[in-house]
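Participant: The structure that follows is given in the form of structure tokens.
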Amino acid sequence: MVRKRAGLAPIETGNIIDAIMQERRVELFTESGHRFFDLKRTKQIDAIMKNVAPLKQSNWESYKALWPIPNVDLFQNPNLTPNPGYGQ
């Protein structure tokens, strides 16, 4: 109904997730971290970041999708192990 009122064509239901992701990408462009978490949640982060990182003179490795477990937590609980890429 909103798209019709705006003079836009309807979206095919098969493309609705892609349309939502594109809208979030545009609307939340400068919002802190939304895109990163959208990509993680939809398991697209590796595919996207491997293409984007070289454009920013950077590199992407899959372990960067996880943050390190704080050292204080690792010291307090010897059963914890660091996430891959962040230590022993």
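Participant: With the requirement that a residue be among the polar types (S, T, N, Q), more than 29 Å from Ile17 (Cα to Cα) and part of a helix (DSSP H, G or I), what does the stretch 34-77 give you?
Facilitator: Scanning the stretch 34-77 gives Asn71, Gln76.
Participant: Identify all residues within the stretch 21-33 that are of a type in the set (Val, Ile, Thr) and assigned to a helix (DSSP H, G or I); write none if there are none.
Facilitator: Val26
Participant: Which of the residues that make up the stretch 60-88 are hydroxyl-bearing (Ser, Thr, Tyr) and either surrounded by fewer than 10 Cβ atoms within 10 Å (Cβ to Cβ) or within 16 Å of Met49 (Cβ to Cβ) (or both)? Working first, answer last.
Facilitator: So in the stretch 60-88, the residues hydroxyl-bearing (Ser, Thr, Tyr) come out as 62-63, 81, 86.
The answer is Ser62, Tyr63.
Participant: Across the stretch 11-29, what is the total count of residues that are out of contact with any helix residue (DSSP H, G or I) (no Cβ under 7 Å at 6 or more places or on another chain) and surrounded by 11 or more Cβ atoms within 10 Å (Cβ to Cβ)?
Facilitator: 4
Participant: A follow-up question, please. For the stretch 12-23, state whether one or more residues are within 21 Å of Ser62 (Cβ to Cβ) and either at pLDDT 85 or above or touching a strand residue (DSSP E or B) at 6+ places or on another chain (Cβ under 6 Å) (or both).
Facilitator: Within the stretch 12-23, one or more residues are within 21 Å of Ser62 (Cβ to Cβ) and either at pLDDT 85 or above or touching a strand residue (DSSP E or B) at 6+ places or on another chain (Cβ under 6 Å) (or both).
The values are calculated or read from the model by the stated rules, or taken from the named source; none is laboratory data. Everything numeric here is computed off the predicted structure, so don't read it as measured data. Neighbour counts are summed over all protein chains in view; Cβ atoms, including those assigned to glycine, are modelled from backbone coordinates with ideal geometry.
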